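For reference, the structure discussed in these notes is given below.
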Amino acid sequence: MASVTATVPTTNGSKYMQQLCKHWSHKLEVEFDTENARVTFPEAVATMAAAPEALTVTIEAADAEQVERMKGVVSSHLDRFAFREAPLPFDWQ
């Protein structure tokens, strides 16, 4: 199992996370509230935690190639909802 985590500085993390989860809930298994989210993709799982000053995003998948692909999917979708702040600074670790 491979995983990466990014802590994205933003005061709107909860808002962006909820918008993204609502968007993805039409096609994916999604669980979320105002502080935490879990999105299950066919090949990966993304979890998010919103704090007052940051949004923490973790992606887990079977291998590094899938993680790398999902980093782009998650970050580009979050940037769409954060268009006033985009591009958000994802520092994947």
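Read-outs: derived from the displayed coordinates by stated rules, not from any lab. These numbers come from a predicted model, not from an experiment. Quick reminder, even Gly has a Cβ in these numbers, built from the backbone with ideal geometry, and neighbours come from all protein chains shown.
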Of the candidates Glu43, Glu35, the one satisfying the condition of being closer than 13 Å to Val73 by Cα and loosely packed, with under 15 Cβ neighbours inside 10 Å is Glu43
- Task: Could you please let me know if Lys15 is over 17 Å from Asp91 (Cβ atoms), assigned to a helix (DSSP H, G or I) and among the basic types (Lys, Arg)?
- Result: yes
Matching residues in the stretch 30-48 (among the hydrophobic types (A, V, I, L, M, F, W, C), within 12 Å of Ile59 (Cβ to Cβ) and either touching a helix residue (DSSP H, G or I) at 6+ places or on another chain (Cβ under 6 Å) or assigned to a strand (DSSP E or B) (or both)) number 5
Being surrounded by fewer than 19 Cβ atoms within 10 Å (Cβ to Cβ), among the aliphatic types (A, V, I, L, M) and out of contact with any His (no Cβ under 6 Å at 6 or more places or on another chain) is the requirement here; does Ala82 meet it? no
Selection from the stretch 52-69 of residues surrounded by 14 or more Cβ atoms within 10 Å (Cβ to Cβ) and aliphatic (A, V, I, L, M) yields Ala54, Leu55, Val57, Ile59, Ala61, Val67
When every residue in the stretch 19-29 that is closer than 17 Å to Ile59 by Cα and under 12 Å from the mean Cα position of the chain (by Cα) is compared, the one surrounded by the most Cβ atoms within 10 Å (Cβ to Cβ) is Leu20
